[in-house]
Amino acid sequence: MNIRKFIFILVSALLLLTSTYLGFKIWSKLRQKEKQKTKTQQLPSLPFHKIDGTILYTSSFAKSTELLVLNYFNPDCEHCQSMVKEMFREQALLKKTYWLMITTNTVEKTKQFADSMKLSLLPNVTVLSDTAYLFARTFGDVPVPSFYVYKDGVLLRKHSGECSIIYLLRN
């Protein structure tokens, strides 16, 4: 066998193996995303730490007829801080909504953020710490801020990035 033929067969085999491997990785990632999407259509039961140290389970809102917003955020995120300012402007809308703000920061840092932004003045807003990264494991890689809106334990909508409170809470 001449060297050209050998190189051609070797390159063809490598291309076939590479494309098969990449195709499998893409298929696996799509399958994982579909599983996460299915898993989050119903409100998952996740334990998070409140800033007072107690644990809150998201499942306690599963039968709520009010809207529940899971807000994944980071205290250092400017968009997240802007959303909090809008929450103060739209306080009337929050009265009939449970709003859970979830961050992967420590309880101490989360408390500092909640205190500096005066979040205790907002109705039905609870700030939670997720140092076990349960949110990311359940919902996948999500940017901050991200919002998941549930009613009666069923996902109504999700949104990634800054948006208006009115948009999130529309029926």
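Where a number appears in this text, it was derived from the coordinates with a stated rule and is not lab data. The shown structure was predicted, so the numbers you read here are calculated from the model rather than taken from an experiment. Cβ: placed from backbone, ideal geometry, glycine included. Neighbour counts: every protein chain shown.
Observations
- Between segment 22-64 and segment 134-152, the alpha-carbon center distance in angstrom: 7
- Between helix 107-116 and the chain: long-axis angle, C-alpha atoms, 0 to 90°, nearest 10: 50
- For segment 86-139, the set of chymotrypsin sites (Phe, Trp or Tyr not before Pro) satisfying both a DSSP loop assignment and a count of at most 15 other C-beta atoms within 10 Å is given as Y133.
- Proximal aspartates and glutamates to K109, defined as alpha-carbon separation beneath 19 angstrom and excluding residues fewer than eight positions away on the same chain: D52, D76, E78, D130
- Dipole of segment 47-169 [Lys/Arg +1, Asp/Glu -1 at C-beta], most positive-end residue of V142, L56, V154: V154
- Percent of beta bridges antiparallel (DSSP, the chain, rounded to nearest 5): 60
- Once the trypsin sites (Lys or Arg not before Pro) in DSSP loops with at most 11 neighbouring Cβ atoms within 10 Å are cut out of the chain, the longest remaining piece is 1-62.
- Against the chain, whose longest principal axis comes from its Cα atoms, helix 3-39 is set at around 20 degrees.
- About its Cα centre, the chain has a charge dipole of approximately 800 debye under the convention of +1 per Lys or Arg Cβ and -1 per Asp or Glu Cβ, with nothing else charged.
- With one equal scatterer per alpha carbon and no solvent term, the Debye-computed log10 I(q)/I(0) for segment 12-171 at 0.14, 0.18, 0.19 1/Å reads -0.69, -1.09, -1.21.
- Extension gain from E78 to A62, taking 0.36 nm per residue of separation minus the Cα-Cα distance: 2.7 nm
- Of the cross-linked pairs K33/K96; K50/K151; K39/K118; K35/K111, those separated by over 30 Å at the C-alpha level are K33/K96; K39/K118; K35/K111.
- Dividing the helix sum by the residues of the chain, where each DSSP H run of 4 or more adds -39500 (n - 2.57), gives a mean residue ellipticity at 222 nm of -13500 deg cm²/dmol.
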